[in-house]
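The values are calculated or read from the model by the stated rules, or taken from the named source; none is laboratory data. Computed from a predicted model, the values in this text were never measured in an experiment. With ideal geometry, Cβ positions are generated from the backbone for all residues, glycine too; neighbour counts draw on all protein chains shown. Side chains included, ligands, DNA and RNA excluded: accessible areas come from the protein's heavy atoms. Shrake-Rupley method; radii C 1.70, N 1.55, O 1.52, S 1.80 Å.
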Amino acid sequence: MSTIILGIESSCDDTSAAVIRDGYLLSNVIAGQAVHEAYGGVVPELASRAHQQNIVPVVHEALKRAGVRKEELSAVAFTRGPGLMGSLLVGVSFAKGFARSLNIPLVDVNHLSAHVLAHFIKEKDEPHTAPEFPFLCLLVSGGNSQIILVNSYNDMEILGQTIDDAAGEAIDKCSKVMGLGYPGGPIIDRLARQGNPKAFTFNKPHIPGLDYSFSGLKTSFLYSLRDWLKEDPDFIQNHLNDLAASLESTVVEILMDKLRKAAKEYKIRQVAVAGGVSANNGLRQAFREHADKYGWEIFIPKFGYTTDNAAMIAMTGYFKYQDGDFCLIDLPAYSRVTL
C-alpha cells in the first residue's frame, strides 16, 4: 500500500502544499504574497491574513494536481516552526483539523531541517542523486546562516552559525540602502551578473571557529556608500552593477571560507547548499569552483526548492512517517528554535 503524505508550509509569507507518494513528488503548489513589497519587508499581520485566504485553495489545488483524494492520505506533515507565529498558526491549525477529520497521523516538521532534506525530493522521470550520510550542508537564507553536519535525516549538528545578521538579511538591508526594493536578494543577484566583483572592497569579519558574522559587512557597506555619495550624489546609479557584484562576492567569500574549513576539519567531501540564498548564482558558481579545486561532490537544489515550499515539508514528513514519528494534536507552534 502506498504512503501518501500531504505537506503544509506557512512559516513566513508563502502558503504552500505538496503531495508525496512513496518518496516521489506529485505536486507542489505555492501562493506568494505581493502585498509586502510596498513595506520593504514581511508584515506579520498581513502575512497571517493572507495565509488564511490561501490555505484552503492551495491544499485543494495540490491534491487535484497530484490526482489524490483526501481519503487516500496517510498523514499530514506541517511546519511547526521556526517562523512567524501568526503565519505558523494558520498552517498548524489547518493541519490539525484536516488530519483529525480524516483520522490520520500528524507529523510535525522543523523548517530548517526540511531545507536540508530538500535534496532528497525525487520527481518521476527525472534523474536524482542525493547526498550520502554524513554530509555537510550550508544553510543560508534571510534568517539563517549555518554550517550543518548531517549524520542522518533526524541527526543534524550545527558546526557554525551567524552570531548576528544572516547572509540573506545583510544582502536585503544593503539592497534597501541603495533603494533597490524588496526582496533584495534576487535584485542584487541580477545586477551582479553585469558587474565587476573586484570593483570595491568591504570589510570581512574575523570570527573564530566556524561561526559567521555579517553585521560588520553591512556597516562597512553603509559607511563606504555614505562617503562615496558625498563626492558623487549619483554614485549608486553610476556604479550599481559593480556595487552589487562586489557585495555578492564578499558575502560568498565569507560563506565559502568557513565551509572550506569545516570540510577540511571533518574530512567530508560531500557538500550541499540549501535555503533561499542558495538560489544566488554567485554562490552556486562558487560551489562548482570548489568542487573542481577541492574534489568536493556538491549538491545544489533546484531553484524551486530553495525558497520556502511544502515539497521539503512533505519529504521530511515521509521520513518521519516511516519511523512512526508522529506528534500529538496539542503540540503548539514555535517561533524560534535551532536544529
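Summary of computed values
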read-out: The chain: most fluctuating residue of 91, 32, 185 per GNM, C-alpha cutoff 10 Å; value: 32
read-out: Solvent-accessible area, 1.4 Å probe, carbon plus sulfur percent, for segment 256-311; value: 50 percent
read-out: Given charges at beta-carbon only (K, R positive; D, E negative), |dipole| of the chain in Debye; value: 220 debye
read-out: Accessible area per residue in Å² at 1.4 Å probe, computed on the chain; value: 45 Å²
read-out: Coordinate range along principal axes, alpha carbons of segment 16-112, Å, largest first; value: 41, 24, 22
read-out: Carbon + sulfur, % of accessible area of segment 178-241 - ligands and nucleic acids excluded, 1.4 Å; value: 51 percent
read-out: Amide H partners (placed H, <5 Å) of residue 10, local residues excluded; value: 79
read-out: Dipole of segment 239-278, positive end: most advanced residue of 275, 241, 262 [Cβ charges, Cα centre]; value: 262
read-out: Helical segments meeting 20 Å axial Cα length and Kyte-Doolittle 1.0 threshold in the chain (DSSP H); value: 85-102
read-out: Value at 222 nm in deg cm²/dmol, rounded to 500, when DSSP H runs of n ≥ 4 in the chain each add -39,500 (n - 2.57); value: -13500 deg cm²/dmol
read-out: Karplus 3J(HN,Hα) series, Hz, for segment 105-122 with 6.51 cos²θ - 1.76 cosθ + 1.60 (x for Gly, Pro); value: x, 9, 10, 8, 10, 7, 4, 5, 4, 5, 4, 5, 7, 4, 5, 9, 5, 10
read-out: Separation of the residue 203 and residue 102 label points, Cα + 7 Å toward Cβ, nm; value: 5.3 nm
read-out: When each of 176/204; 122/176; 293/320; 258/302; 173/264 is checked by Cα-Cα distance, pairs over 27 Å; value: 122/176; 293/320; 173/264
read-out: For segment 211-303, fraction of C-alpha pairs farther apart than 16 Å, in %; value: 62 percent
read-out: In nm, spacing of pseudo-spin labels at residue 240 and residue 151 (7 Å Cα→C-beta vector); value: 5.0 nm
read-out: Neighbour cut-off at most 10 other Cβ (10 Å), DSSP loop, GluC sites (Glu not before Pro), segment 76-172; value: 132
read-out: Sparse-neighbour loop sites [trypsin sites (Lys or Arg not before Pro); segment 1-76; at most 13 other C-beta within 10 Å; DSSP]; value: 69
read-out: The chain: C-alpha gyration tensor shape, a/c 1.5 cut-off, then a/b vs b/c; value: prolate
read-out: Residues whose placed amide H lies under 5 Å from that of residue 270, excluding near-sequence neighbours; value: 136, 297
read-out: Kirkwood hydrodynamic radius of segment 142-214, from inverse mean 1/r over distinct Cα pairs, in Å; value: 14.2 Å
